[in-house]
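K.L.:
Take a look at this one; I'll ask things after.
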Amino acid sequence: DPAVFYKAATIAAQTVSDQDMALINQYALEPLKAEDVFVFKAVLCDNDVDRCFERFTIEALQNMRDLYVGKTIIKDHISSADNQVARIFATELFQPGKAKSDGELYTQLIAHCYMLRTETNADLIKEIQGGIKKEGSAGFMPSSSICSICGTDNRKSYCRHWPGREYEKDKGTEICTFTIKGVSDVYEF
């Protein structure tokens, strides 16, 4: 679907707590134990300009924080039952305390995820633990995507500006970026 956006995400290890297990077991049909699951976290996105010259507002990150809980993690954005490998059991907004160049506090959307320790998942778990599989992408539907050059909401109509290109403005040249001000739905990580 060309209207769906995908953003780069990074994966890191996480230890499982009793509180995590309580949240995880909300999704399980039978109670799971800590030794049954592999738990990890992923930074899905943040409010800084990324490699696609897009950024999220805090409001958009808050939308995504609420919408991503319970969503599945699939391989290669191919929606099939066999590609579902993990689930997001909790999310949080994390602010490490540094300010961005515009003065706003840098904020990350972090997803806490689990997968079952099965023979089928053993290689994927090893690849995550070994740092081979450490990136992913988040699939979502923005409710608005605002051009920094002309202010057009590119979810409603398209402007002629391309993210990453320089354009003349009143105060000289400016690199075009798009700001995602809201998110109406999320699909997967």
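K.L.:
With respect to residue 164, is the statement that it is open to solvent by less than 60 Å² (accessible area, probe 1.4 Å), farther than 22 Å from residue 44 by Cβ and either in a loop (DSSP other than H, G, I, E, B) or touching a Cys at 6+ places or on another chain (Cβ under 9 Å) (or both) true?
P.N.:
Here the answer is no, as residue 164 does not meet what is asked.
K.L.:
Among the residues of segment 109-142, what is the count of those that are part of a helix (DSSP H, G or I) and in contact with a Leu (Cβ under 6 Å, 6 or more places away or on another chain)?
P.N.:
Looking only at that region, the number is 0.
K.L.:
Here's a follow-up. Which of the following residues is farther than 26 Å from residue 131 by Cα, charged (D, E, K, R) and modelled with pLDDT of 90 or more: 92, 30?
P.N.:
30
K.L.:
Within segment 15-64, how many residues turn out to be crowded, with 20+ Cβ neighbours inside 10 Å and basic (Lys, Arg)?
P.N.:
Residues in segment 15-64 being crowded, with 20+ Cβ neighbours inside 10 Å and basic (Lys, Arg): 1 in total.
K.L.:
Return the residue satisfying two criteria in turn: it lies in segment 143-156 and is assigned to a loop (DSSP other than H, G, I, E, B) and charged (D, E, K, R), and of such residues it is most open to solvent (accessible area, probe 1.4 Å). Give the steps one after another, and end with the answer.
P.N.:
Within segment 143-156, the first condition is being assigned to a loop (DSSP other than H, G, I, E, B), and the residues that meet it are 148-152, 154-156.
Those left that are additionally charged (D, E, K, R): 155-156.
Values: 155: 89, 156: 165 Å².
Across segment 143-156, the extreme among qualifying residues is 156.
K.L.:
Taking residue 126 and the conditions (1) touching a residue at least 40 places away in the same chain (Cβ under 8 Å); (2) open to solvent by 30 Å² or more (accessible area, probe 1.4 Å), which numbered condition does it fall short on, given that it satisfies the others?
P.N.:
That leaves (1) as the condition not met.
K.L.:
Of the conditions (1) in a loop (DSSP other than H, G, I, E, B); (2) open to solvent by less than 50 Å² (accessible area, probe 1.4 Å); (3) hydroxyl-bearing (Ser, Thr, Tyr), residue 79 clears all except one; give me its number.
P.N.:
Going through the list (1) in a loop (DSSP other than H, G, I, E, B); (2) open to solvent by less than 50 Å² (accessible area, probe 1.4 Å); (3) hydroxyl-bearing (Ser, Thr, Tyr), residue 79 breaks only (2).
K.L.:
Could you please tell me which pairs satisfy a Cβ distance under 9 Å, a separation of 6+ or placement on different chains, a first residue in segment 29-56 that is at positive phi, and a second residue that is surrounded by 15 or more Cβ atoms within 10 Å (Cβ to Cβ) and hydroxyl-bearing (Ser, Thr, Tyr)?
P.N.:
Listed pairs, sorted by first residue: 53/148; 53/177.
K.L.:
Then there is this: Return the residues of segment 65-76 that are surrounded by 14 or more Cβ atoms within 10 Å (Cβ to Cβ) and touching a residue at least 40 places away in the same chain (Cβ under 8 Å); say none if nothing qualifies.
P.N.:
Listed by number, the residues that qualify are 65, 67, 68, 71, 72, 73, 74.
The values are calculated or read from the model by the stated rules, or taken from the named source; none is laboratory data. All values reported here derive from a predicted model rather than from experimental measurement. With ideal geometry, Cβ positions are generated from the backbone for all residues, glycine too; neighbour counts draw on all protein chains shown. These area figures cover heavy atoms from the full protein model, side chains too; ligands, DNA and RNA do not enter into them. Shrake-Rupley method; radii C 1.70, N 1.55, O 1.52, S 1.80 Å.
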